[in-house]
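Asker: My questions will all concern the structure given below.
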Amino acid sequence: MKPFADLSRFINPRNVAVVGASARESSQGRRLYDNLVLHSSVSGEVYAVNPAYQEIGGRPCWPSISALPEAEIDVALIMINATLVLDALRQCAARGIPFAVVMTSGFSEAGEAGQRLEREIAELCEATGLHVYGPNCPGFVNVRDRLGMTFSPAFKDDLNTGSIGLATQGGGLGRNLLQGLSFGQGVGLWFSAGNEVDLEIPDFIAHMANDPKISVIALLMEGVKHGRRLTAALELARARNKPVVVLKVGRSEAGVRAAQSHTASVAGTAAVNSAVFRQFGAIEVDDLDQLLAASRLLTRITPKSGNGLCIYTFSGGTAALAADIAGAAGLPMAVFAPETKTALRKLLPDFASMDNPVDTTADILRNPEASAACLRAICADPGVGTVLFPIPMDYGSITDGMAQAIATVAAETDTLIVPVWMSRRLGGGFQLLETAGLLPFLSLSDAIAALSKALPWKASARESAAPPQQEAAAAGKACMLSEAAAKSLLRAAGLPVPEGVVVASAAQAAQEAERLGFPVVMKVVSAQIAHKTEAGGVKLDIASAGAAQDAYAAIHESVARHRPDAAIDGILVERMLPPGGREVLVGVHRDAAFGLVLTFGLGGIFVETIRDVAHRMVPLSRDDARALLGELRYADVLKGVRGQAPADLTALEDLILRVSDFAWSHRDALQELELNPVWVGAEGQGATPLDALIGLHPGADPALGQRQP
């Protein structure tokens, strides 16, 4: 593997040559020259090279690189026709110039002739040790030292520097990121690599990993030329504790085609790229806004930032919306310490919400000092690592004062404060937050997506305290029926459940198994055991009377060990269905808003792994049932793949409709119902529920009559 280049003389050159410098105003050659002479801090000389001129802007111009006066030149910037580039590079190598930046287009991105030119440049680099940056690139910008080796007219305006190192394979989007970081922590170094004939993204990552003034590395990549060099650079960044945020173009077929036509790079397979980024500690983001936001957030985080999230606002609806989005993203909500609640009670009106999320109510808008004091108290809580502060509207001077309070407290605390300016009216408060370097988000979803990507959260949402409404729901648990009782009700309603019988002894188990015909399945019958397999309460493929007696004893022994609290009503013996069927789930639950809702999806072990389900309100029509089957992402599993016969979709539709009818006819008593797995055979073989769970409202008649008074 080729070693990483030492870029010291490239990053901070003393003397620079501009090959293709021009006297024509607004030409690229003139802008490149002016950016260095007029707008950069070059410690040595800038030499203009162009045989068409003797002087440019009152300074001498030389006809060729070979004709330049004796001086140690660090970098040659080349902006000439592609057919002339190779000769200029040969002159660079002969002069001992270590670096050349080729900005000219017309190389591998343009076809076979350009590809041949690139190969010749690569051979020259290998033979002479010359390092070439580009071609087909906008150049390099050292923002922190004010050095613009670029023809961009925006260079002189985009000089907000900071500790973010940026490497891109495209110029326009890189400039977009620079301009998005116009306040607060900006970009220190920007490498825009172009076609990467010699110097590549890994060289730039490695340099920034070793640069003490760079704290975060942001990458915008269209292709991966040498994967092993890339992973070595990522590993170096991880070893130096430099987080790397990457946006990789080419996750769709259209994206791959665009990436290849733009940079002629191999875009790679999206799943492999993502897996490699994870393996080597890079944070992959989904779009340019996330790349910008995550990079900026990473410059502001502290060891405390991942402790827990607090949502703090003055609007109840905004607080609920933010908490909902954060919960869906799996962000852990902080639980306040008692002293934090005491402080908030002293500052907020009685009708405010002092738990997380905090709703101060609009009452606090009149008092920015109180708002700042509340924010300080929350930031001082050791369980709060990040405060999300949504501002849903612009209230002129009132929100200006609130923005000032945020900026003041943010400068005092090691708790990360993330403002969200939700109004399209970007008033003075927004501008204040922006110039304070807090980079206010414009939407809750974007803010929470960036937080979930960038922060190393120390807890999961599941470890957070349960909201009061969940505790209340848990208090009114459904009355669960045993599998045998549930199947008895379903059989009476016309559903095709397997023939079976509950037995009370090993001898009876053997007798009934012989009557049903082998093989059979035996399962524990207990209303307290919903997941029988985990308790050792299921035995499959029982092929003899002796095996049935052994299974009876084994089930009792295992269940007694795993669930000694459970009441056992017997053992259910059922005839097993033949192998080869597909497994689905059909369930019904009671939604707080819409009542009974039917859920259909792939069943068995797939329910909690791939979570491929679809929903419909009960009662369903035949069209609803048919639509459910088509909504699954993996519906082809049922239709038949790789020569497999289609499943019995007609029987499955019938079963879904019967479940819907059963649920609707008992809607006053039914709390939940689940058939999982449902065995679905090939066409003509039917659909049969193998397991059944039914939960009734507390107080409902177990025979599914009306609720008892």
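The values are calculated or read from the model by the stated rules, or taken from the named source; none is laboratory data. Computed from a prediction, not measured in an experiment: that's the story for all the values here. Reconstructed Cβ throughout: ideal geometry from the backbone, glycine too, with neighbour counts over all protein chains shown. Accessible surface is based on the protein model in full, side chains and every heavy atom, while ligands, DNA and RNA are left aside. Shrake-Rupley method; radii C 1.70, N 1.55, O 1.52, S 1.80 Å.
This table checks each residue for (1) surrounded by fewer than 21 Cβ atoms within 10 Å (Cβ to Cβ); (2) of a type in the set (Ser, Thr, Tyr); (3) part of a loop (DSSP other than H, G, I, E, B).
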| position | (1), (2), (3) |
| --- | --- |
| Asp145 | yes, no, yes |
| Leu166 | no, no, no |
| Asn176 | yes, no, no |
| Phe183 | yes, no, yes |
| Asp198 | no, no, yes |
| Asp203 | no, no, no |
| His207 | no, no, no |
| Ile214 | no, no, yes |
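Asker: Going through the range 68-87 one residue at a time, which ones are assigned to a helix (DSSP H, G or I), touching a Pro at 6+ places or on another chain (Cβ under 9 Å) and under 15 Å from Val18 (Cβ atoms)?
Answerer: Within the range 68-87, Val85 is the sole residue that qualifies.
Asker: Here's something else I'd like to know. For residues that are within 38 Å of the chain's Cα centre (by Cα) and surrounded by fewer than 19 Cβ atoms within 10 Å (Cβ to Cβ), scanning just the range 87-113, find the one that is farthest from Pro69 (Cα to Cα).
Answerer: Looking at the filtered set, the residue picked out is Gly111.
Asker: Now for a different question. Could you say which residue among Leu347, Leu331 is hydrophobic (A, V, I, L, M, F, W, C) and open to solvent by less than 30 Å² (accessible area, probe 1.4 Å)?
Answerer: Result: Leu331 is the single residue among Leu347, Leu331 that is hydrophobic (A, V, I, L, M, F, W, C) and open to solvent by less than 30 Å² (accessible area, probe 1.4 Å).
Asker: Just need a number here: residues in the range 47-62 that are open to solvent by 10 Å² or more (accessible area, probe 1.4 Å) and either assigned to a strand (DSSP E or B) or polar (S, T, N, Q) (or both).
Answerer: 8
Asker: Ala403 versus (1) open to solvent by 10 Å² or more (accessible area, probe 1.4 Å); (2) out of contact with any Ser or Thr (no Cβ under 8 Å at 6 or more places or on another chain): which is the lone unmet condition?
Answerer: (1)
Asker: May I ask you to say which residue of Met79, Met1 is touching a residue at least 60 places away in the same chain (Cβ under 8 Å), open to solvent by 60 Å² or more (accessible area, probe 1.4 Å) and touching a helix residue (DSSP H, G or I) at 6+ places or on another chain (Cβ under 7 Å)?
Answerer: Met1
Asker: Additional query: Quick one: Asn35 ticks every box in (1) touching a helix residue (DSSP H, G or I) at 6+ places or on another chain (Cβ under 6 Å); (2) in a loop (DSSP other than H, G, I, E, B); (3) not acidic (Asp, Glu) bar one, so which box is it?
Answerer: (2)
Asker: Only one residue in Gly603, Gly595, Gly686, Gly640 is buried (at least 16 other Cβ atoms within 10 Å of the Cβ) and on the phi > 0 side of the Ramachandran plot, so which one is that?
Answerer: None of the other options fit; the residue is Gly686.
Asker: Also, quick follow-up: Across the range 21-34, what is the number of residues that are open to solvent by less than 10 Å² (accessible area, probe 1.4 Å) and not hydroxyl-bearing (Ser, Thr, Tyr)?
Answerer: Adding up the residues that qualify gives 3.
Asker: Which pairs turn up if I take residues in the range 223-242 that are part of a helix (DSSP H, G or I) and open to solvent by 40 Å² or more (accessible area, probe 1.4 Å) and look for partners that are of a type in the set (D, E, K, R) and at pLDDT 95 or above with beta carbon separation below 6 Å, at least 6 apart in sequence or on another chain?
Answerer: From the range 223-242, no pairs qualify.
Asker: Of all residues in the range 157-181, count the ones that are farther than 19 Å from Ala237 by Cα and free of Cβ contacts under 8 Å to residues at least 60 places away in the same chain.
Answerer: Qualifying residue count, the range 157-181: 11.
Asker: If you don't mind, there's one more thing I want to ask. Given the conditions (1) modelled with pLDDT of 95 or more; (2) within 23 Å of Gly114 (Cβ to Cβ); (3) not in a loop (DSSP other than H, G, I, E, B), report the number of the one that Ile65 does not fulfil.
Answerer: Going through the list (1) modelled with pLDDT of 95 or more; (2) within 23 Å of Gly114 (Cβ to Cβ); (3) not in a loop (DSSP other than H, G, I, E, B), Ile65 breaks only (3).
Asker: OK, next. Taking the conditions exactly as written (at pLDDT below 85, open to solvent by 20 Å² or more (accessible area, probe 1.4 Å) and under 29 Å from Gly114 (Cβ atoms)), does Ala267 satisfy them or not?
Answerer: Against the criterion (at pLDDT below 85, open to solvent by 20 Å² or more (accessible area, probe 1.4 Å) and under 29 Å from Gly114 (Cβ atoms)), Ala267 does not qualify.
Asker: Same structure, new question: Starting from the range 110-135, take each residue that is on the phi < 0 side of the Ramachandran plot and at pLDDT 95 or above and list its partners that are open to solvent by 50 Å² or more (accessible area, probe 1.4 Å) and among the charged types (D, E, K, R), counting only C-beta distances under 8 angstrom and pairs at least six apart or across chains.
Answerer: Leu124/Arg90
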